[in-house]
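Colleague: Have a look at the structure that comes next, please.
The values are calculated or read from the model by the stated rules, or taken from the named source; none is laboratory data. What you are looking at is a predicted structure, and each value in this text was computed from that prediction instead of being measured. All Cβ positions, even for glycine, are placed from backbone atoms using ideal geometry, and neighbour counts span all protein chains on display.
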Amino acid sequence: MIHVSEKSLNFSLIENKMEKIISEFQYGAQLSNTIPIILIAEDEALVALDIRRAVTKFGYNVGAISSTGESIIKKAEKEKPDLILMDIWLKGNINGIEAAKFIKNKYNIPIIFITASTDSYTHKLAEGTHPEGIIIKPFIESELKDTIDRALSHGLN
């Protein structure tokens, strides 16, 4: 009988350990669901990969990467991201400014423009969409991180 109770005791310990592991796994999954999702709209593949690398390094999840205004609008509707990093000049018939207007009006998703454009006319058009920021390429990682953090903290308030 002692032998049976030892087996029962061992089984009980294993069962408790399994429950603890499952609980920790579920807690970790819940935490990963709270990490903001950021979409990227950029038509230059190397730049898009560099942005994705930086955003991932900052600890955020990167959702879709789109090269056209049309596709970023579809991805925004489908993925419901916390933020979109948007180039102003994208491929296709819809530029980044037009896509940002549509997305902000329909889904209220914050936008940060990352652009090589430095002319004041383009910046005025971009500012008309009320972005969370405009960053000039080549971007500085610390500036990108600060702008993302600020944009996401506004979304929490």
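Colleague: So, in region 128-140, exactly how many residues are without any contact (Cβ under 8 Å) to a residue 60 or more places away in the chain and either surrounded by 13 or more Cβ atoms within 10 Å (Cβ to Cβ) or in contact with a strand residue (DSSP E or B) (Cβ under 7 Å, 6 or more places away or on another chain) (or both)?
Modeller: 7
Colleague: Give region 48-73 a look and list any residue that's more than 26 Å from Lys106 (Cβ to Cβ) and among the hydrophobic types (A, V, I, L, M, F, W, C), or say none.
Modeller: Scanning region 48-73 gives Leu49, Ala54, Phe58.
Colleague: Separate question: Go through (1) in contact with a helix residue (DSSP H, G or I) (Cβ under 8 Å, 6 or more places away or on another chain); (2) at pLDDT 95 or above; (3) not β-branched (Val, Ile, Thr) one by one and return the number of the condition Asp149 breaks.
Modeller: Of the numbered conditions (1) in contact with a helix residue (DSSP H, G or I) (Cβ under 8 Å, 6 or more places away or on another chain); (2) at pLDDT 95 or above; (3) not β-branched (Val, Ile, Thr), the odd one out for Asp149 is (1).
Colleague: Let me ask something additional. Take the conditions out of contact with any strand residue (DSSP E or B) (no Cβ under 8 Å at 6 or more places or on another chain) and either among the β-branched types (Val, Ile, Thr) or buried (at least 16 other Cβ atoms within 10 Å of the Cβ) (or both) and apply them to Ala48. Does it pass?
Modeller: No: the conditions fail for Ala48.
Colleague: For region 142-150, check the following and say yes or no: at least one residue is closer than 19 Å to Ala48 by Cβ, in a helix (DSSP H, G or I), in contact with a Gly (Cβ under 6 Å, 6 or more places away or on another chain) and not basic (Lys, Arg).
Modeller: yes
Colleague: Show the residue pairs that are 6+ apart or on different chains and have beta-carbon atoms under 6 Å apart, the first residue being within region 141-155 and surrounded by fewer than 16 Cβ atoms within 10 Å (Cβ to Cβ), the second being among the hydrophobic types (A, V, I, L, M, F, W, C) and assigned to a helix (DSSP H, G or I).
Modeller: Qualifying pairs under 6 Å: Glu141/Ala54.
Colleague: Can you name the condition, by its number, that Asp82 falls short on among (1) surrounded by fewer than 18 Cβ atoms within 10 Å (Cβ to Cβ); (2) charged (D, E, K, R); (3) touching a Pro at 6+ places or on another chain (Cβ under 6 Å)?
Modeller: Answer for Asp82: the failing condition is (1).
Colleague: In region 78-131, which residue that is among the hydrophobic types (A, V, I, L, M, F, W, C) and in a loop (DSSP other than H, G, I, E, B) is nearest to Ser153 (Cα to Cα)?
Modeller: Ranking the candidates gives Ile109 first.
Colleague: Let me ask you something else. Looking at Gly133, Gly128, Gly92 in this structure, which one is in contact with a Gly (Cβ under 8 Å, 6 or more places away or on another chain) and either at pLDDT below 95 or in the same structural domain as Lys78 (by TED's automatic domain parsing) (or both)?
Modeller: Among Gly133, Gly128, Gly92, only Gly92 is in contact with a Gly (Cβ under 8 Å, 6 or more places away or on another chain) and either at pLDDT below 95 or in the same structural domain as Lys78 (by TED's automatic domain parsing) (or both).
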